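Worksheet for the structure shown next.
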Amino acid sequence: MITSYYITAEASKIIIDESQKSLTLENGGILIGKFSNSCAIVRHAIGPGPKAQRSPHRFKRDGEFSQSELDRYVKRSAGEFDYVGEWHSHPQYIGPSWVDLNSMAWIAANPAYLVKNPLLLICSNTNREWIIECFLCADTKLNLLSRSIMRPQSSAS
């Protein structure tokens, strides 16, 4: 069973940057990595895509874009890395919603996704900081693996 997770600095930066772009709307994408022993490793994050739908309380990623980016990344890694879950932002901290739980349970039960226990990473805005929580979907529940606070990096040199 997965009990911890690791995310690369590159993947974290993509998530924070994409979340920062739409502070009042949800944003999101997919997580690419692998499961190794008891650790989920997030190697890369894909953004929402050009046809994504965003609102203050809902997000739907551009599925066609996500799939093509995933296929490209899987091929480039020679199959070492694949889809491990989803990420999205919340304009304010509310924790996972029932929609989040239902979506992840659906992914876990859907054989097309090939992941029994997907990750859900939620990035929530709070006073110029981001609370990042990583959950593992198991037995139709979201189990918290990690919570951290990050600040967006300044673009000034």
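The values are calculated or read from the model by the stated rules, or taken from the named source; none is laboratory data. It should be emphasised that the depicted structure is a prediction, and the values quoted were computed from it without experimental measurement. So basically every Cβ, Gly included, is an ideal-geometry build from the backbone, and we count neighbours across all protein chains shown. Quick note on the areas: whole protein, heavy atoms, side chains included, nothing else; ligands and nucleic acids left out. Shrake-Rupley method; radii C 1.70, N 1.55, O 1.52, S 1.80 Å.
Restricting region 3-13 to residues that are buried (at least 18 other Cβ atoms within 10 Å of the Cβ) and among the hydrophobic types (A, V, I, L, M, F, W, C), which is nearest to N117 (Cα to Cα)?
Step by step, filter region 3-13, then rank; the result is I7.
Within region 128-135, identify whether any single residue is basic (K, R) and either buried (at least 21 other Cβ atoms within 10 Å of the Cβ) or under 19 Å from F35 (Cα atoms) (or both), and answer yes or no.
Among the residues of region 128-135, not one is basic (K, R) and either buried (at least 21 other Cβ atoms within 10 Å of the Cβ) or under 19 Å from F35 (Cα atoms) (or both), which makes the answer no.
Quickly run through region 91-106 and pick out the residues that are assigned to a helix (DSSP H, G or I), touching a residue at least 24 places away in the same chain (Cβ under 8 Å) and out of contact with any strand residue (DSSP E or B) (no Cβ under 7 Å at 6 or more places or on another chain).
V99 - this is the single residue of region 91-106 that is assigned to a helix (DSSP H, G or I), touching a residue at least 24 places away in the same chain (Cβ under 8 Å) and out of contact with any strand residue (DSSP E or B) (no Cβ under 7 Å at 6 or more places or on another chain).
So, in region 21-52, of the ones that are farther than 18 Å from Y93 by Cα, over 12 Å from the mean Cα position of the chain (by Cα) and among the basic types (K, R), which residue ends up surrounded by the fewest Cβ atoms within 10 Å (Cβ to Cβ)?
This residue is K51.
Show the residue pairs meeting these rules: Cβ distance below 6 Å; 6+ apart or different chains; first residue within region 53-70 and open to solvent by 40 Å² or more (accessible area, probe 1.4 Å); second residue of a type in the set (D, E).
Final answer for the pair search is R54/E26; F59/E26.
Of all strands (runs of 3 or more DSSP E) completely enclosed by region 1-65, which ones contain at least 2 residues that are under 18 Å from S103 (Cβ atoms)?
Here the list reads 28-36, 39-46.
What do you reckon, is V84 surrounded by 14 or more Cβ atoms within 10 Å (Cβ to Cβ) and touching a residue at least 60 places away in the same chain (Cβ under 8 Å)?
no
Which residues, counting only those in region 87-127, are among the aromatic types (F, W, Y) and open to solvent by less than 20 Å² (accessible area, probe 1.4 Å)?
W87
Can L142 be described as part of a strand (DSSP E or B), at pLDDT 95 or above and either in contact with a Cys (Cβ under 8 Å, 6 or more places away or on another chain) or at positive phi (or both)?
no
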